[in-house]
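Engineer: Structure incoming, see below.
The values are calculated or read from the model by the stated rules, or taken from the named source; none is laboratory data. Worth saying up front: this structure is predicted, and the values here are computed from it rather than measured. All Cβ positions, glycine included, derive from the backbone under ideal geometry; neighbour counts span all protein chains shown. Ligands, DNA and RNA are stripped out before the accessible areas are found, and what is left, the full protein with its side chains, is counted by its heavy atoms. Shrake-Rupley method; radii C 1.70, N 1.55, O 1.52, S 1.80 Å.
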There are 4 protein chains.
Amino acid sequence: MWNYKTPGIPDEFFERTEKVPITKEEVRTIQLSKARLTVGQIIYDIGCGSGSISIEAALQVENTGKVIAIDYDSNAIELTKKNIEKFGVSNISVIFGNAKEKILELEKADAIFIGGTGGDTKEIVELSQNKLKSGGRIVIAIILIETLYSVLQILDKLKFDSVDITQVTISKSKKTTKGTMMLARNPVTIISATKV
Amino acid sequence: MWNYKTPGIPDEFFERTEKVPITKEEVRTIQLSKARLTVGQIIYDIGCGSGSISIEAALQVENTGKVIAIDYDSNAIELTKKNIEKFGVSNISVIFGNAKEKILELEKADAIFIGGTGGDTKEIVELSQNKLKSGGRIVIAIILIETLYSVLQILDKLKFDSVDITQVTISKSKKTTKGTMMLARNPVTIISATKV
Amino acid sequence: MWNYKTPGIPDEFFERTEKVPITKEEVRTIQLSKARLTVGQIIYDIGCGSGSISIEAALQVENTGKVIAIDYDSNAIELTKKNIEKFGVSNISVIFGNAKEKILELEKADAIFIGGTGGDTKEIVELSQNKLKSGGRIVIAIILIETLYSVLQILDKLKFDSVDITQVTISKSKKTTKGTMMLARNPVTIISATKV
Amino acid sequence: MWNYKTPGIPDEFFERTEKVPITKEEVRTIQLSKARLTVGQIIYDIGCGSGSISIEAALQVENTGKVIAIDYDSNAIELTKKNIEKFGVSNISVIFGNAKEKILELEKADAIFIGGTGGDTKEIVELSQNKLKSGGRIVIAIILIETLYSVLQILDKLKFDSVDITQVTISKSKKTTKGTMMLARNPVTIISATKV
C-alpha cells in the first residue's frame, strides 16, 4: 500500500469522513519527525482521529514495535480501524475510551503523540510523563490558545527537557482559471520534549 | 452611518452577497493607508467588488473629492450601489465595464486602487501610470502568484518610486466549546508605489 | 510633515532607536482602525514606545482632542518627545511612569491603546475598563502567548462587547541579486473591544 | 550519531557556518517526505548547501542507495563534507561545480532535490526531467517570487504529474523574561511532482 520509508503519506491515501478531521500530511510529517521514532518502539497515539499518525508510526516502528491508538469518539475509532485495514498494518491496538483512564494500564512508551482538540490536554500531558520511558519523546499538536497556554505552564513543572515549540502554517495552491492562488490552512502549534 | 475618521469599517456593516467577495477590513485598512488619501482627491477603485474600498475612500476624500468605482461584473456594480446607498455617500461614480477602456476617458487620479482577481492586472497597472498625477499613489491587491510576478516585472519598467511589497496574512479567532482557535485567511499581497 | 488623512505613516518617517521597538506601520494602521477614532476624542497610549501610535492618533483626533502617552521606559519617553517635535503635534501629553498608577488620575478616555511586552497587560486591561467611557474602545497589541491567554480570560469577565481577535502576520519583500524574497515579521495579535 | 528512522535531525546536530544557510529541520522534513524515499534509491541533492538533506536522504536510502550532492559554492561543499564525516555516512558523493553541466553525466535518479536561491532553478528543473526515472520524484524548495513563477510555468510544459505546491511558514518560540513569543521564519514554497 505504501512502500516508502519517509513518513508523509498523502492525505488522499487515507479513508476519511467529514466527522473526523485528519492531521494534514505536512503537519503529520513534522509530528513524526519530532517523535524520533525507530524500530521496536512502543507508541501511544492519544486522540488518534483518522488514525493517520498511528499508521505512519506503525510503519516506522515496524512489527517488533507497537502503536496504541486511543480515542473517545467512536467515529474516530471506526475510521482508524478502516485505515488499519486499508494499509494492512498489524501492529496497532485500538482502544475506545477516555485516554486519562486508559493509559494508566498501558506498558511504558517510547513516544506519545497527543492530538485532538480536547480540553484535557494538560492532564494527559501530566499522565504521559509517568508513562514515558526516560529519554522518551512527547509530541503535542495544539490548535486552541487556552490549551497552548496550559501546556506551556505544565511543561515547566514536569520532567521534560529540550522543549521545542513550533508553529506550522501551511498554504496549498489552488489553480483557478486566472492563475494560482494560495489557500491558507489554520496554524497548528507542535510542542515536543524529551522525558528526563 | 459611520462617524469615525479612521478607515476600517467592519465587514458586517456592508451589504454583502455570496457572488462578490469583500476585501476584509484589516486588508482594506492597509490598502487605504498605502494610498495616503486626503481631502479633495480623485480616486479610482478598479475592480470595486462590494464597493467597500470606494466607500471608505469617499469618506476620506470628502465631498470635494471623488471616487470612480469600476467593475466588469454586474453583481459587483449592483452591490456597490447598494452600499453607496447604505452609507449615504454622494461622491462615488459607478462605471460598469472594462477598466482598460473606461479609464482612458477619466480625469487624472491622485490614487488608484487595483483589486480583483482579473488576469489583466498588469495591463491596468501600465494604463494607470498615465492616469496618475505626478506623486500619485497606486495600490494593488494581489492573490495570484502569476499576477504578483507580472506586476513586479512591469513595475520595474514603469515610472514608479518607493515600491513597497507587503504580504498580509490575517487570522481571526473562533470560539469553540473547548477554547479559542485561530482561523487563517488566505494571504494577500499589497503592492504600493508613487508615480514619479 | 504628514498631510494625509489616512493613518499608516511609513516607519522611516519616525525617529527611531535600537532601544525602543516601533509598531510597524501596517500593524499600527490596523490598531488605529480598530480604535475607531474621531475628532475631539481623549486617547491613552499605554506603553507608547516610539510614540508612533500617539502621533497618528493625535492627527486623527485633531486639536480639540488629546492623546496621553505613557511609558515606564525613559528611552521610550525621550523618543516619543522627539517624534512629537518632528511631527509638530501639540495635543499629546507624555507621562513617564507606571501606567497602573498613572491612569487612575486621568480624565476618562474614548479609546485606549495598550502595547508593549509588559507582564501586567491583564491588570492594565482591568483598570482601563473603569477609565473608558461607555462605548469607548480598547485596542491591545500582544506578542506573548501568556499575555494573550490572560487577556482572553479577563475580557470574558469585564464589561466589553464586540470582542475581536485578529492575528496579523506581515512579510515584506527584499530584493536580492537573484530575485525578490519575502521576509516574515513576527505575528502580532490585536484584540479590540467596546466598553459596554 | 543519529539512530532514528524518521527524518528531521535537529539543526543543531549539524556543523554550520554563517556562510551557508541550512534548510531548517521542519522544512527539510517536509522536503524529504515529499521525495518518498526508500532503500536503494539514487538521489541528487542540487544546491546541497550544508548537506543536511543529503545526510538525511543517505540515511533513508541506506548503503544500497546513494546520494549525489552538488553545489557551486566551495563553502557549501566543504561544509557538506564536514557533515558527512560528522554523521559517518558513506553513501554520499560530493560534486563541486555547476549542476547544469554536472548532472548530464550522472546515472538516472529516483528523486531529485533542488534547493538554493540560484537564478537557474527553471533550467535545472528542465534538465532534471530527463535524469529522473519514470515515477521518480522532484522536490523543489523556493524562496524567490520570480523562481516560483518560472517553475510553475515550466512544470506545466514538462512531463510531471501530481504537482503539489505547499507554502510552509514556521515560527519558533523564544522565551523572554516576560513570556513566550513566536519568532517567524521566512516562508518557503515546496513544489513536488512525479515524473510521468
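Engineer: Criterion first (surrounded by 21 or more Cβ atoms within 10 Å (Cβ to Cβ), more than 14 Å from chain D (Cβ to nearest Cβ), of a type in the set (F, W, Y) and closer than 25 Å to D:T177 by Cβ) does C:F96 satisfy it?
Structural biologist: Criteria not met by C:F96.
Engineer: Would you mind finding the one in D:G40, D:G47, D:G51 that is crowded, with 19+ Cβ neighbours inside 10 Å and without any contact (Cβ under 8 Å) to a residue 60 or more places away in the chain?
Structural biologist: After ruling out the rest, the residue left standing is D:G51.
Engineer: Does B:S150 satisfy the condition of being within 14 Å of chain A (Cβ to nearest Cβ), touching a Lys or Arg at 6+ places or on another chain (Cβ under 7 Å) and of a type in the set (S, T, N, Q)?
Structural biologist: Against the criterion (within 14 Å of chain A (Cβ to nearest Cβ), touching a Lys or Arg at 6+ places or on another chain (Cβ under 7 Å) and of a type in the set (S, T, N, Q)), B:S150 qualifies.
Engineer: Of everything in the range C:134-176, what is over 19 Å from C:V188 (Cβ atoms) and in contact (Cβ under 8 Å) with a residue 40 or more places away in the chain? Give them in sequence order.
Structural biologist: The answer is C:S134, C:G135, C:G136.
Engineer: Assess whether C:I42 counts as being farther than 22 Å from B:I30 by Cα, at pLDDT 95 or above and more than 7 Å from chain B (Cβ to nearest Cβ).
Structural biologist: In short, yes.
Engineer: Can you tell me which residue is modelled with the highest pLDDT among those in the range C:1-33 that are outside any helix (DSSP H, G or I) and aliphatic (A, V, I, L, M)?
Structural biologist: Checked the range C:1-33; the qualifying residue modelled with the highest pLDDT is C:I9.
Engineer: Any idea which of (1) open to solvent by 20 Å² or more (accessible area, probe 1.4 Å); (2) within 14 Å of chain A (Cβ to nearest Cβ); (3) in contact with an Asp or Glu (Cβ under 9 Å, 6 or more places away or on another chain) is the one B:V168 doesn't satisfy?
Structural biologist: Unmet for B:V168, out of (1) open to solvent by 20 Å² or more (accessible area, probe 1.4 Å); (2) within 14 Å of chain A (Cβ to nearest Cβ); (3) in contact with an Asp or Glu (Cβ under 9 Å, 6 or more places away or on another chain): (1).
Engineer: Within the bounds of the range C:4-14, is there any residue that is over 28 Å from B:S162 (Cα atoms) and touching a strand residue (DSSP E or B) at 6+ places or on another chain (Cβ under 9 Å)?
Structural biologist: no
Engineer: Can you tell me how many residues within the range C:54-66 are over 11 Å from the mean Cα position of the chain (by Cα) and either in contact (Cβ under 8 Å) with a residue 60 or more places away in the chain or more than 9 Å from chain B (Cβ to nearest Cβ) (or both)?
Structural biologist: Residues that pass the stated criteria total 6.
Engineer: Just to verify a result, which residue in the range B:119-135, among those that are surrounded by fewer than 16 Cβ atoms within 10 Å (Cβ to Cβ) and out of contact with any helix residue (DSSP H, G or I) (no Cβ under 8 Å at 6 or more places or on another chain), is nearest to B:V67 (Cα to Cα)?
Structural biologist: B:K133
Engineer: Still on this model: Out of C:N98, C:N75, C:N130, report the one residue that is under 29 Å from C:N3 (Cα atoms) and of a type outside the set (A, V, I, L, M, F, W, C).
Structural biologist: Answer to the selection: C:N75.
Engineer: Here are the criteria: (1) within 14 Å of chain C (Cβ to nearest Cβ); (2) touching a Leu at 6+ places or on another chain (Cβ under 8 Å); (3) open to solvent by 10 Å² or more (accessible area, probe 1.4 Å). Tell me which single one D:Y72 does not satisfy.
Structural biologist: Here D:Y72 meets the rest and fails (2).
Engineer: Now for a separate question. Does the range B:126-139 include one or more residues that are within 14 Å of chain A (Cβ to nearest Cβ) and either under 21 Å from C:R28 (Cα atoms) or at pLDDT 95 or above (or both)?
Structural biologist: No, every residue in the range B:126-139 fails to be within 14 Å of chain A (Cβ to nearest Cβ) and either under 21 Å from C:R28 (Cα atoms) or at pLDDT 95 or above (or both).
Engineer: Suppose we keep only residues that are of a type in the set (D, E, K, R), open to solvent by 60 Å² or more (accessible area, probe 1.4 Å) and within 17 Å of A:I84 (Cα to Cα) within the range A:1-29. Which one would you say is nearest to the other protein chains (Cβ to nearest Cβ)?
Structural biologist: Filtering the range A:1-29 for residues that are of a type in the set (D, E, K, R), open to solvent by 60 Å² or more (accessible area, probe 1.4 Å) and within 17 Å of A:I84 (Cα to Cα), the one nearest to the other protein chains (Cβ to nearest Cβ) comes out as A:E12.
Engineer: Does the range A:107-118 include one or more residues that are open to solvent by 10 Å² or more (accessible area, probe 1.4 Å) and of a type in the set (A, V, I, L, M)?
Structural biologist: no
Engineer: Considering only residues that are within 14 Å of chain D (Cβ to nearest Cβ) and closer than 20 Å to C:S33 by Cβ, which ones fall in the range C:173-196?
Structural biologist: Once the filter is applied, which keeps residues that are within 14 Å of chain D (Cβ to nearest Cβ) and closer than 20 Å to C:S33 by Cβ, the range C:173-196 yields C:R185, C:P187, C:V188, C:T189.
Engineer: If I ask for residues that are crowded, with 18+ Cβ neighbours inside 10 Å and either aliphatic (A, V, I, L, M) or out of contact with any helix residue (DSSP H, G or I) (no Cβ under 7 Å at 6 or more places or on another chain) (or both), which ones from the range C:139-157 would you list?
Structural biologist: C:V139, C:I140, C:A141, C:I142, C:I143, C:L144, C:I145, C:L148, C:V151, C:L152, C:L155
Engineer: Filter the range D:92-133 down to the residues that are free of Cβ contacts under 8 Å to residues at least 24 places away in the same chain and either in contact with a Pro (Cβ under 8 Å, 6 or more places away or on another chain) or within 14 Å of D:I42 (Cβ to Cβ) (or both) and list them by number.
Structural biologist: Once the filter is applied, which keeps residues that are free of Cβ contacts under 8 Å to residues at least 24 places away in the same chain and either in contact with a Pro (Cβ under 8 Å, 6 or more places away or on another chain) or within 14 Å of D:I42 (Cβ to Cβ) (or both), the range D:92-133 yields only D:E105.
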